[in-house]
1. Within 10 Å, count the other beta carbons around each residue, average over each peptide in 289-298, 381-390, 317-326, and list them highest first.
2. Debye sum, Cα scatterers, region 686-735, no solvent: what log₁₀ I/I(0) at q = 0.24 1/Å?
3. At what distance in nm do the modelled label points of LYS608 and GLN346 sit from each other, each positioned 7 Å from its Cα along Cα→Cβ?
4. Can you give me the Rg/Rh ratio for region 513-670, using Cα atoms for both radii and the Kirkwood formula for Rh?
5. Would you kindly state how much longer the chain becomes between LYS128 and PHE32 on full extension, computed as 0.36 nm times their sequence separation minus their alpha carbon distance, in nm to one decimal?
6. Take every DSSP beta bridge with both residues inside the chain and express the antiparallel ones as a percent of the total, to the nearest 5.
7. With everything on Cα atoms, drop me the angle between helix 421-441 and the longest principal axis of the chain, reported from 0 to 90° to the nearest 10.
8. Could you tell me what a quarter of the Cα convex hull surface of region 696-850 works out to, in nm² with one decimal place?
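Rule-based calculations on the coordinates, nothing more; no lab input. No experiment lies behind these values; they were computed from the predicted model shown. Glycine gets a Cβ as well: all are built from the backbone with ideal geometry, and neighbour counts include every protein chain shown.
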Amino acid sequence: MIKRRLPYYFGAFFINLIIISIIFAASQLVPFGSNNFLSSDLGTQYLAFLTELRRQLVSGNVHLYLFSQSLGDNFFPVISYYLLSPFNLLLVLFSPKGIPAAANIIIMLKISTMGVSMAYFLTSYFKKRGMANYLFTIAYSFCGFVASYFYDLMWLDALIMLPLVAVGVMLVIKQQKYILYYCSILLAIIFNYYLGYMLCIFSVCFFVYIALEEKLFQRKIKWHIIRNYLMTSILAGLSSAVVLIPTLVGMLKTAKTSFNLFNYLPSARFGLEALTELGIGGNTFQQRLEHGPSVFMTTLILILLLSYFFSSKISNQDKAHSLILLGVLLVSMFVTTFNTVWHMFQNPAGFPFRNSFIFSFVCIFIAYKAFDKGVFQESDTIIKSTCVAGILICLGYSTEWLLPRIIEKLGFDRPDNPYDGRYFWLSIACIVISGTLLLLLNRNQKFLSLMLIMVAFEVIANFNAVMGTAGLGNQLVYRSEFAKENNILKDVKNQSHKGQRIIVSKSGLNKAFPEKYNNYNDPILFNINGLSLYSSTLDQNTLEMMHNLGYFSLNVRRISYYGGTNLTNALLGVYYRVRQWDNHYHVEENYNAPSMGFLVDPDVYNFKMYQKRALSNQDRLWQALNGNSQEYLKNVIINSMQQTEFNNKTLYTYQLSTRASGPLYFYVSPMNYVKARIYVNGKRIKTADKNVYSAASIRLGHFKNKQKIQVKILTDKALDVDPDYFQSLDQTSFLKTLQKFRQNSLQISSDLNHDTVRGTISVKNKSPMLFSIPYDDGWQASVDGKKVKIHKVVENLMAINLKPGKHQVVLNYQVPGLKLGWIVSGISVILFISFSLLEKSKYWKNKSKE
């Protein structure tokens, strides 16, 4: 029996593998060429996370707090969202510089495995195995969602699990078997809780559908099955508590907890232009952040789907049940209220309609039902369905062409709504060919092979519509530049003291990327303590604190090293700044900063920050740390300010006199440095390598006390005669305090890779010790073996009180909620096992009575 099934499943796997290999080979992606897919989130986020996971797996040192996540953060939410796929175990077979190639291999294997799980579903429902099934496994594995989001590889596991969840639901209703359903839901949540949540909603919809089909609600045992289904669902969800509880605790600290009423208003999410998604090329890489539902399913499936509702071979009751299921899924994408609920009560930040793969699955399933019923034997039905399919594509493209022109006629800016007319004609041609093949199939089953080729052609063409519009990176360059940067950062890390941070302001990896690489996650990539981070799990309090200190933040998912001053670098323990120039790495600055922990004045407990006053916040903070009222950042004297209109902008000319010897900083919030031009004494000041669209501190140069300076600012922002804009750091006074903090720093002895900070310090007078580590309930502090209270200071840093004497200070981190999660999961698993054994004993008891 098993031997007969294996070729069938191997066929589903290897057909997909061949197709995805052709797609990758056409773009010369690794392993078929030197290109890699370093675009979008794969290049900017997942690459660093996968590299860190590989580092921990190979070393055997699994730790859940990373100091390379901005100032330091709980790594568990990153693991649970991005890294829990079992396919990621393959990372141990690759070197760190080979992770982009590993990502490609993992994507290929996941897509191939989708074919196996879909083949299993089709066999379980229709009790048939054969080449015809591959038409539908291919359509599912390369549906619009996969073509649009294949590089979001952590989502692909959900498409493997979806058919298994569907089979599990069927077994619950038809055979009162619960193990597959329990395991599939549990694993779907563990592999990726976000799409796992969507599969939980789908299971309810599919349960009702199968229940209607099996007339469950008319049977005596209906309440027994419904109760057991709900109990199994709840226990599966509770069994995943080891992932969900600590993730929830971590995510509550991010901006994803914000509430926006507009996300719940019953507005429409798309119009008739979304019908272009049914054809080839309806979605491109450039449209990845905003587009209609990715519901491409091949023209053959589309015609069969329509035939299901036109055919006399299908009962009206079956049509009604299928229409209800499709309608519910369609409305869940169309109406903003339901769409928000499906997306865990948050409107997606780009990559919309992440539940569209469920709609595609149901469409393909219903199309197979039509095929199984032999609707292709009805020529009129096929012709009618083919015509309707063509009309739908025409409507979509007509709307796509007409809508921007209507908007322009109404006096608004014409929206950038690119589409390729060639894909319209290709889609129409494929509809005609697919309809013809279905008509011919009634005469000769040999046309099934041509249909298989046609489906493969369409999915390849649609996939390439995305690939062809995406920039590709170079794996050979990546390997070379990764090795260079890794070596230099290892040397710099060895030269710095433990617990001090390193800034990488310009990375050589830029050469390997197809688009601007802002190296937000270089600290994670190279295992160094840094400042920046790009992640959906970014701690909102850390972001706000750093932003109030002058650091640049593009949005709630990004915080940059850019915007720092000598003062903030000292506060946060930044020791070196590394950048590449002329193919060589340079260690440009040595800030001589204290370590992550140093003694400060008790005034730190009373310090509060103000928004949009970064330089003032820095000055007052340094006063609080020193317990005095001395000015460290001093306002300049504005001798005059002139305004001149220039090309719809204003040129502000400031004549300044400094009040201290040291670096001069400029800060206005908000300030778009991309559009602005700043000149100091006639020389243009280069802003950041990043596109700074909002506030950030910027250094204008180093000047002596009472020096006359001319600053010109060309901008579309209204500026005032405000001395707070320009502030000089009193370098002499600052360096004296810096020396004091260095002498009273914690001598860190731990390597910070074991969720522990350990060090010694000698204290002369009772003082707080400030840690430049974000406050987190997971930290526990002890001094000389005795637990002490951790105070939240400077909005989101930590401090402990120390008495005079020599002390051993230890900080230990435990992921908040993880222990509770293990307990809940353990109890839930035991309860499910007991429930399963009880149900099994009841079954055999009833069987024996019969």
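1. Top to bottom by mean Cβ count within 10 Å: 289-298, 381-390, 317-326.
2. For region 686-735 at q = 0.24 Å⁻¹, log10 I(q)/I(0) is -1.27.
3. Label at LYS608, label at GLN346, 2.9 nm between them.
4. Rounded to two decimals, Rg/Rh equals 1.00.
5. Here the segment from LYS128 to PHE32 would lengthen by 31.0 nm.
6. That works out to approximately 95 percent antiparallel.
7. The two axes meet at around 30 degrees.
8. For region 696-850, averaging the hull's shadow over all directions gives 20.5 nm².
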